[in-house]
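K.L.:
Structure in structure tokens, see below.
The values are calculated or read from the model by the stated rules, or taken from the named source; none is laboratory data. Everything numeric here is computed off the predicted structure, so don't read it as measured data. Cβ: placed from backbone, ideal geometry, glycine included. Neighbour counts: every protein chain shown.
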Ligand code: NDP
């Protein structure tokens, strides 16, 4: 049905390419390109062994717009799926415009020198994509991605309005390491050390990083400490759910993780400004990434489950007054590893990336311009989640979170 070029050969790229190959009726040709071609080749080998599908590979520096444009023209895909790092979003969007191809990603653009997670850089491409008759779909991972689709499903089927929304992201997995991050360490640490921001009464309210902590009992995981932090879907949800009075995002972290992160921060290892070392400029956080375990290496040892979902409160569609619903997916690290050779954090991002790409290639979600997940019918996406490894469930709660 369509030809896809995936850029980025990390854990998320690996899961997405495996899942695309398992859906060869939709993804008739899959090409994988990344900075280090040996990583593409290793994924292609695993895909061939598991599915029989051949995935051609290429080396590409996606910061180089001309080289990326040339590669897209050479491969001739219908869609480019960007699973490299957020830093590459704008250069790959430019290359897609040059080559006349649709674009999709899982994380919003971030400049390298400031940890700012905002959509405005990518929303600014609206006119260019619209005039070119092309579609750019932003943030088709789990969070952002599924969390927004969950909210829109609740708004379509359960609630007339969403007054308050809490997104709860729990990773109950244990990888057996003293300190490691479950996805790219540089991106992960920039995210958790940034100030927390939540949406309240029409504006973002900023609080110190990791300053608000609560305990929550997660199904199939147990009680965990979770911390309020900023996450990019709050910006698009605030835009597409204008009635939302309060929107918050919570993520669980173990005490060991917090202890290590605090020390690393205190000694300056999480800095993203250059420092001179032995006559050479280095960025401490990039050096730290080089000494931490590769997230993709954690798959084999990680046990436990992820549990990510939305708790939404608002006026019920059936006129029965204010109601609260909790919608979530629970994913097992070991099952994810068995299916694709990657742990659940990569799996829960790579599967929605495959589904978002399928929405575009099958013409289920169409449009000219730059789009967020909230702008489309959630039902076909939710159906595919159930069929492709991320089943979800919804329950009614007595009321919103008590804090
Ligand atoms: P990894 O760091 O494991 O993989 C990133 C890949 O991109 C690597 O193969 C890397 O190459 C490649 N890359 C980096 N820079 C370039 C470049 N200039 N040109 C070409 N390729 C490049 O990250 P993940 O797989 O964990 O994450 C991938 C994306 O998914 C990230 O944007 C991340 O923020 C996002 N994400 C989204 C989530 C969601 O729920 N929405 C959750 C988790 C992640 P090399 O191997 O050479 O370094």
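K.L.:
Where residues in the range 71-88 are under 22 Å from the mean Cα position of the chain (by Cα), within 21 Å of residue 26 (Cα to Cα) and outside any loop (DSSP other than H, G, I, E, B), which of them is farthest from the ligand (Cβ to nearest atom)?
P.N.:
That would be 79.
K.L.:
Taking the residues in the range 177-201 that are in contact (Cβ under 8 Å) with a residue 60 or more places away in the chain and more than 14 Å from the ligand (Cβ to nearest atom) as candidates, determine which candidate is surrounded by the most Cβ atoms within 10 Å (Cβ to Cβ).
P.N.:
Of the range 177-201, the ones in contact (Cβ under 8 Å) with a residue 60 or more places away in the chain are 177-187, 189-194.
With more than 14 Å from the ligand (Cβ to nearest atom) added as a condition, the list becomes 177-179, 193.
On the way: 177: 14, 178: 10, 179: 16, 193: 19.
Checking each candidate, the answer is 193.
K.L.:
Report the residue count in the range 333-376 for those that are assigned to a helix (DSSP H, G or I) and surrounded by fewer than 19 Cβ atoms within 10 Å (Cβ to Cβ). Working first, answer last.
P.N.:
Start the filter on the range 333-376 by keeping residues that are assigned to a helix (DSSP H, G or I), which leaves 333-340, 344-361, 373-375.
Subsequent filtering for residues that are surrounded by fewer than 19 Cβ atoms within 10 Å (Cβ to Cβ) retains 334-335, 338-339, 375.
Total satisfying the criteria: 5.
K.L.:
Report, by residue number, each residue of the range 328-357 that is touching a helix residue (DSSP H, G or I) at 6+ places or on another chain (Cβ under 7 Å) and away from the ligand (no atom under 16 Å from the Cβ).
P.N.:
Across the range 328-357, the qualifying residue is only 332.
K.L.:
Scanning the range 89-103 for residues that are part of a helix (DSSP H, G or I) and surrounded by fewer than 23 Cβ atoms within 10 Å (Cβ to Cβ), which turns out nearest to the ligand (Cβ to nearest atom)? Steps first, please.
P.N.:
So the first thing to find is which residues in the range 89-103 are part of a helix (DSSP H, G or I), and the list is 89-99.
Narrowing the set further to residues that are surrounded by fewer than 23 Cβ atoms within 10 Å (Cβ to Cβ) leaves 90-91, 94, 97-99.
Details: 90: 12, 91: 8, 94: 13, 97: 18, 98: 16, 99: 16 Å.
Filtering first and then ranking leaves 91.
K.L.:
If you scan the range 378-399, which residues turn out to be under 18 Å from residue 157 (Cβ atoms) and without any contact (Cβ under 8 Å) to a residue 40 or more places away in the chain?
P.N.:
380, 383, 384, 386
K.L.:
In the range 153-176, which residues are out of contact with any strand residue (DSSP E or B) (no Cβ under 7 Å at 6 or more places or on another chain) and within 16 Å of the ligand (Cβ to nearest atom)?
P.N.:
Of everything in the range 153-176, just one residue is out of contact with any strand residue (DSSP E or B) (no Cβ under 7 Å at 6 or more places or on another chain) and within 16 Å of the ligand (Cβ to nearest atom), namely 175.
K.L.:
Could you tell me how many of the residues in the range 19-41 are farther than 22 Å from residue 356 by Cα and in contact (Cβ under 8 Å) with a residue 12 or more places away in the chain?
P.N.:
Here is the first cut: in the range 19-41, the ones farther than 22 Å from residue 356 by Cα are 35-39, 41.
Retained after the next criterion (residues that are in contact (Cβ under 8 Å) with a residue 12 or more places away in the chain): 35-37, 39, 41.
Count: 5.
K.L.:
Out of (1) within 14 Å of the ligand (Cβ to nearest atom); (2) touching a strand residue (DSSP E or B) at 6+ places or on another chain (Cβ under 8 Å), the odd one out for residue 30 is which?
P.N.:
(1)
K.L.:
Looking for whichever is in the same structural domain as residue 107 (by TED's automatic domain parsing), crowded, with 24+ Cβ neighbours inside 10 Å, more than 20 Å from residue 104 (Cα to Cα) and more than 9 Å from the ligand (Cβ to nearest atom) here; the options are 53, 6, 47. Which one fits?
P.N.:
Values: 53 fails: crowded, with 24+ Cβ neighbours inside 10 Å; 6 fails: more than 20 Å from residue 104 (Cα to Cα).
Only one candidate qualifies: 47.
K.L.:
Take the conditions assigned by TED's automatic domain parsing to the domain that holds residue 313 and in contact (Cβ under 8 Å) with a residue 40 or more places away in the chain and apply them to residue 164. Does it pass? Show your work before the answer.
P.N.:
Numbers: assigned by TED's automatic domain parsing to the domain that holds residue 313: yes; in contact (Cβ under 8 Å) with a residue 40 or more places away in the chain: yes.
Yes; evaluated as a whole, the condition is true for this residue.
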